[in-house]
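A quick write-up on the structure given underneath.
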Amino acid sequence: MEYVYGIIIIVGLYVVLATSFNLIIGYGGLVSIAHPVFFALGAYTSAVLSRDFGVPVLLAMFAGMVVAVVASVALTLPTLRVSGDYLLIASIGFQLGLLEVIKNLRFTGGPGGFTNIPPFLIRDFGRESYVILVLAVTIAVVLLVRLIARSDYGRAMSAMRDDEQAFASVGRDAMWMKIVIFGLGSGIAGFAGALYAHYYRFITPEQFEILQSAAILTMVVVGGVRTTWGPVVGALLLQALPQALTFLHLPPSVLGPIQGLLFTGLVLVFMFVRPQGLVPAENVWRDRTPRSRTGEGG
Amino acid sequence: MTGVLEVKNLNKSFDGIVVARGINLSLTAGKVLGLIGPNGAGKTSFFNLISGVVKPDSGAVTLAGVSIDRLKSHERVRHGLSRTWQHIRLFPSLTVLDNLLVGTHDYPGESLLSVLLAHARLKQHDKIARERAADVLGRMGLSQVADALVSDLPYGQQKLIGVARALMGDARCLLLDEPMAGVEGQSYAAMQRVVRDAADCGVAVCVVEHNVGFIQDLCDEGVFMFSGAIMARGSVAELIRDPQLTELYFGH
């Protein structure tokens, strides 16, 4: 059963990561590859605070989220003043650089990783309780992003993506909106990191490498950018595929590159065959009350 | 009488090409001022400088007595400076109505917290904004296309929607960049009516336009621009009759 629980939790957390990344890259139109590092910041913050500073786990988890938000603002505030392109360039440095810092610090356990992270809920209520927690967070995140996308805020995000200058000319602050979207998406990733850390109780910098970025991006693109269910479908599919590959009993030295090739290959195939992803987005922004409108995609 | 918008000694050049040469201009509440001049005279650049899209090299702009020089584009709009674009620039992923709703003053959709928490306030604002949008669309004769995609509409109607969106923000000063280019028939009359109505409500309007008939019908006064400088100000009829200005306009 533990194996199944492990799969449910990892798939759930990747749904959270893909959904929050969809908020940033899809709805916000912000191109970044630094999602795994916010996942890492949440995991490390929560792990360090709870193990070495005696902070209650739940509080440490929220602290992990806050640290991810603060770090995201440190990335977006200077770069977005210039342009979106700088965000992408800076996000690469952020992802690689911050992970190097984590690798070289003593209190994070360095490259060997951070062990003995206190468990949460499992000792008192069993493994099932943690599975329920992760599923609840997953559903909450998917519904939250859906709510935002279909609210007035979603309409404003749509307008901002269409034409930033015209958006400013109706009195709206595009930069602040981008910072908020990026902060929220990164905060959610940080919380997912904390959930990850307290289940597996062992984290290493390698788990948050740039390859994860490709995986999360693939989930969003293959699933369907700017849709509620796209990242969910994408995360399920892309987590199921590597699991299926493990049944082929290939040596680990081959398995790693094959997974990488699979992700990249899938993105390429989808770019040509089905650029809209498995779940296509509508061309028109729609609010919570569905109405029949012309000109909608799929 | 001091104007709603006061521009003092505005200068700007790009790599030696002067687009604004010591411009002094005042826009008065309730009046429509026509900005006339040949292509390249610096009319759109002048709008870009005032609206904060481009930073001037020197000069000062005040709106209702408050300096707006240090304000960003969107902050100027919140102070009451609204503009349209020569190339319309609507939001193509939104319907006509949604284009207008994003343009409302004090738009709650900009704040994530208010969207998630202040539901009652949101509903109240939404109701008022929809009524207002319906009113603006009604006056433009566009009620029947409220739920249409903007990109599905003819060019003339898109131009009207650009102006309608700018009117949603409680502007004190409205800058219209070639509102009549490509506009014909019913849209032409609707545009005239709406701009005049805005002025009658106390908005100071400035119109850049090549359509001399429209300028003559609508504007209380005209300004002639050439090579980044204001050459003359007076009644539109006078400016059109002036042989020197005509020569500058047609370049012969």
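The values are calculated or read from the model by the stated rules, or taken from the named source; none is laboratory data. Computed from a prediction, not measured in an experiment: that's the story for all the values here. Note: ideal-geometry Cβ built from the backbone for every residue, glycine included; neighbour counts use all protein chains shown. Surface accessibility is based on the protein's heavy atoms, side chains included, excluding ligands, DNA and RNA. Shrake-Rupley method; radii C 1.70, N 1.55, O 1.52, S 1.80 Å.
Things worth noting here:
- Residues that are over 15 Å from residue A:117 (Cβ atoms) and surrounded by fewer than 24 Cβ atoms within 10 Å (Cβ to Cβ), drawn from region A:31-60: A:31, A:33
- Out of A:170, A:233, A:180, A:225, sole residue that is β-branched (Val, Ile, Thr), surrounded by fewer than 24 Cβ atoms within 10 Å (Cβ to Cβ) and within 12 Å of another protein chain (Cβ to nearest Cβ): A:180
- Residue B:147 being within 12 Å of another protein chain (Cβ to nearest Cβ), free of Cβ contacts under 8 Å to residues at least 12 places away in the same chain and either touching a Gly at 6+ places or on another chain (Cβ under 8 Å) or charged (D, E, K, R) (or both): no
- Residue match in region A:80-90 (condition: modelled with pLDDT of 90 or more, of a type outside the set (Asp, Glu), in contact with a helix residue (DSSP H, G or I) (Cβ under 7 Å, 6 or more places away or on another chain) and open to solvent by 70 Å² or more (accessible area, probe 1.4 Å)): no
- Screening region A:28-117 for helices (runs of 4 or more DSSP H) wholly inside it with 2 or more residues that are within 14 Å of residue A:210 (Cβ to Cβ) and touching a Gly at 6+ places or on another chain (Cβ under 9 Å) returns the ranges A:35-52, A:84-104.
- Failed item, numbered, when residue B:213 is tested on (1) at pLDDT 90 or above; (2) more than 23 Å from residue B:19 (Cα to Cα): (1)
- Matching option when the condition is in contact (Cβ under 8 Å) with a residue 12 or more places away in the chain and of a type outside the set (Ser, Thr, Tyr), among B:79, B:87: B:79
- Test: residue B:48 is modelled with pLDDT of 90 or more, within 14 Å of another protein chain (Cβ to nearest Cβ) and under 13 Å from residue B:228 (Cβ atoms): yes
- On inspection, residue B:175 fails the criterion of being open to solvent by less than 10 Å² (accessible area, probe 1.4 Å), closer than 17 Å to residue B:211 by Cα and in a helix (DSSP H, G or I).
- Annotation note: Cβ proximity below 6 Å between a residue of region A:135-164 that is more than 7 Å from every other protein chain (Cβ to nearest Cβ) and within 26 Å of residue B:97 (Cβ to Cβ) and a residue that is in a helix (DSSP H, G or I) and among the aliphatic types (A, V, I, L, M) (sequence gap 6+ or interchain) occurs for A:145/A:23; A:154/A:148; A:160/A:174; A:160/A:177; A:164/A:174.
- Filtering region B:86-133 to residues that are farther than 23 Å from residue A:160 by Cα and either small (Gly, Ala, Ser) or open to solvent by less than 10 Å² (accessible area, probe 1.4 Å) (or both) leaves only B:120.
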